[in-house]
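Engineer: Below: one structure in structure tokens.
The values are calculated or read from the model by the stated rules, or taken from the named source; none is laboratory data. In this text the structure is predicted, and so the values were computed from the model without any measurement. Positions of Cβ are generated from backbone atoms using ideal geometry, with glycine treated the same way; all protein chains shown enter the neighbour counts.
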Amino acid sequence: MSKMTTRNDVLSMPSLESVDKRHDTTPVAADSGLVSDVVRTFSVGDLMTLVARNVFKVNHCYMLHHNLKKLPLTPPRKIGGGELRKMTCNDIEHLHQKYSTLGLEDKQELFTCLRFFKNGFTDGYVLEVDGNIAYIQWVISSSENDVIRASYRRKLLPLRDNEKMIDNAYTFPAYRGLGFMPHVVWQLLNRCRDQGCRRVITYARKDNVNSLNVLCGMGFKITKLVSEYKLLGYGWRSF
Ligand SMILES: CC(C)(COP(=O)(O)OP(=O)(O)OC[C@H]1O[C@@H](n2cnc3c(N)ncnc32)[C@H](O)[C@@H]1OP(=O)(O)O)[C@@H](O)C(=O)NCCC(=O)NCCS
């Protein structure tokens, strides 16, 4: 998405398909609108806490692979929630309004998810409960390697043909423990397989026990331990 694109431009786009077309012709600018997004999302107190936490930090995450030949035939059951559908620009606006209901950790998670959209990824999915978005997640394809190179060069490895990535799973706190993550992950893996993809990769923080349990339960295998560094808020991974 170009640097000249304003948030109102983005929100007035009718669907992610139109963003996709735009993305075909417009170079993706790294960190487009990052500062204004940060200022709009986090309070001064939040920012001071984040700066203090991220002066220098080392974490570890696992890289996991799923061989789609081994995907179970049916999805795991979830409790409630509608059908999985593609994220639209209206959803992005709806999600922006949710920040004020979240604590700092969750704000950070949601912020990272929405930056995927801002930076040019287009294949986002949502699951709703009674008209409220309860779960979101992204699928990234090798055709989006230009976005990875432009905005996530130090965080994500480019994808090979026949390989996709699922990332940034987020369940709003009120809907956790209802099986949304395993259900949606299965749905997305199944779509990837139907599209001819053979392998799906994902990343999960080493201390994210809930997420790792779900991913391994779905047939993902840990293939690599990756170090994550943060210096003055700037983050990168060492592969
Ligand atoms: C990780 C996450 C996506 C799991 O989503 P989910 O839809 O709650 O997934 P599930 O319903 O399968 O719950 C996963 C496990 O978390 C447990 N859990 C964690 N927090 C819970 C809560 N607040 N209420 C109920 N269960 C909770 C569940 O018991 C379940 O364990 P079980 O299968 O042994 O019962 C969600 O906790 C989340 O959004 N966390 C913050 C963002 C994040 O970590 N994303 C993952 C990046 S890889």
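A quick yes/no check of all residues on (1) within 16 Å of the ligand (Cβ to nearest atom); (2) over 19 Å from residue 124 (Cβ atoms):
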site	(1), (2)
64	yes, yes
67	no, yes
71	no, yes
78	yes, no
84	yes, no
100	no, yes
109	yes, no
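Engineer: Going by the structure shown, is residue 177 surrounded by fewer than 17 Cβ atoms within 10 Å (Cβ to Cβ), assigned to a loop (DSSP other than H, G, I, E, B) and away from the ligand (no atom under 13 Å from the Cβ)?
Structural biologist: no
Engineer: Is it true that residue 140 is at pLDDT 95 or above, among the β-branched types (Val, Ile, Thr) and within 13 Å of the ligand (Cβ to nearest atom)?
Structural biologist: Considered against the rule, which asks whether it is at pLDDT 95 or above, among the β-branched types (Val, Ile, Thr) and within 13 Å of the ligand (Cβ to nearest atom), residue 140 comes out as no.
Engineer: When you scan region 125-143, how many residues do you find that are over 16 Å from residue 203 (Cβ atoms), buried (at least 22 other Cβ atoms within 10 Å of the Cβ) and not aliphatic (A, V, I, L, M)?
Structural biologist: So the count comes out to 1.
Engineer: Among the residues of region 180-210, how many are assigned to a strand (DSSP E or B) and of a type in the set (Val, Ile, Thr)?
Structural biologist: 3
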